[in-house]
Protein chains: 2
Amino acid sequence: MKYSPGLHILAEFSSSNIGLLSKSSHCKQLFNSLITSHQLEKVGEVYHDFENGGFTAVVCLTESHISIHTWPEYELATFDVFLSNYKRDNSKKVEEIYSEVLNFFEGIERQKSAINR
Amino acid sequence: MKYSPGLHILAEFSSSNIGLLSKSSHCKQLFNSLITSHQLEKVGEVYHDFENGGFTAVVCLTESHISIHTWPEYELATFDVFLSNYKRDNSKKVEEIYSEVLNFFEGIERQKSAINR
């Protein structure tokens, strides 16, 4: 049977808000808020702050995952959101979540790919 | 300053080895082995097995992340490997890891995207 998992957005954005790129705490609040507001289900998470600044975070969802890696020294972040359509079409949520993340980080989009997996 | 994080491969593959797609234990052994052999540094991980079969796994690395989501009922998996080039060019390792994962799962590639982030 053919099954198409869902939409995956990958983006790089720059931000001059170095504070938000340096530590994961505010991002964690954002991700938790997005998971609640978009009615997603978290099954695990990793938030790792690097000693010299910047962090990496991945949230595993029933619907797949959200990830971010930040490079405050380059004023840059790479962001992914991939939601499968197992129970319903989540494509719109993928676009909305990316938009909300970009807005939160005061980001300027440098590159974006949208892949139907 | 312009900084290009690195290569990200996203792939969907099918496999008739339902056992490997159903539970995360063998995949965890594989990922740990790949992290060692490619001299990567793990900073966190999530392995979540779903009650009805299939699993989702993400390994956070200093170099970014590896993830897999499986749908044994569709004989399908979605796999990501993204390694940043912070300390060295890891593009070759990205290709090698994808190839080793595909081989391990006895996978048939259905779709592959390679994005220079």
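Couple of notes before you dig in:
- Residue within the range A:104-117 that is of a type in the set (Lys, Arg) and buried (at least 21 other Cβ atoms within 10 Å of the Cβ) present: yes
- Qualifying positions in the range A:1-17 - among the aliphatic types (A, V, I, L, M) and either in a loop (DSSP other than H, G, I, E, B) or at pLDDT below 95 (or both): A:Met1
- Of everything in the range B:38-94 that is of a type in the set (Gly, Ala, Ser) and facing chain A (nearest Cβ under 10 Å), the residue that is nearest to A:Leu61 (Cα to Cα) is B:Ala57.
- Subset of the range B:52-64 (residues that are of a type outside the set (D, E, K, R) and either crowded, with 24+ Cβ neighbours inside 10 Å or assigned to a strand (DSSP E or B) (or both)): B:Phe55, B:Thr56, B:Ala57, B:Val58, B:Val59, B:Cys60, B:Leu61, B:Ser64
Condition check ((1) in a strand (DSSP E or B); (2) at pLDDT below 95; (3) over 28 Å from B:Lys87 (Cα atoms)) across all residues:
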residue	(1), (2), (3)
A:Leu30	no, no, yes
A:Tyr47	yes, no, no
A:Ala77	yes, no, no
A:Lys93	no, no, yes
A:Glu106	no, no, no
A:Lys112	yes, no, no
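- The set of residues from the range A:2-33 being more than 22 Å from B:Ser64 (Cα to Cα) and either among the hydroxyl-bearing types (Ser, Thr, Tyr) or away from every other protein chain (no Cβ under 14 Å) (or both) comprises A:Tyr3, A:Ser4, A:Ser33.
- Residue in the range A:31-51 that is exposed (fewer than 14 other Cβ atoms within 10 Å of the Cβ) and touching a residue at least 60 places away in the same chain (Cβ under 8 Å) present: no
- Hey, A:Ile108 away from chain B (no Cβ under 13 Å), out of contact with any helix residue (DSSP H, G or I) (no Cβ under 7 Å at 6 or more places or on another chain), within 18 Å of B:Pro5 (Cα to Cα) and of a type in the set (A, V, I, L, M, F, W, C) or not: yes
Quick grid of which residues meet (1) of a type in the set (D, E, K, R); (2) buried (at least 17 other Cβ atoms within 10 Å of the Cβ); (3) modelled with pLDDT of 95 or more; (4) assigned to a helix (DSSP H, G or I):
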{"site": "A:Gly19", "(1), (2), (3), (4)": "no, no, yes, yes"}
{"site": "A:Cys27", "(1), (2), (3), (4)": "no, yes, yes, yes"}
{"site": "A:Ile66", "(1), (2), (3), (4)": "no, yes, yes, no"}
{"site": "A:Val81", "(1), (2), (3), (4)": "no, yes, yes, no"}
{"site": "A:Lys87", "(1), (2), (3), (4)": "yes, no, no, no"}
{"site": "A:Ser99", "(1), (2), (3), (4)": "no, no, yes, yes"}
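- Every listed requirement among (1) within 11 Å of chain B (Cβ to nearest Cβ); (2) over 18 Å from B:Thr70 (Cα atoms) is met by A:Asn116 save one, (2).
The values are calculated or read from the model by the stated rules, or taken from the named source; none is laboratory data. These numbers were taken from a predicted model, which means no experiment stands behind them. FYI the Cβ positions are ideal-geometry reconstructions off the backbone, even for glycines, and counts take in every protein chain you see.
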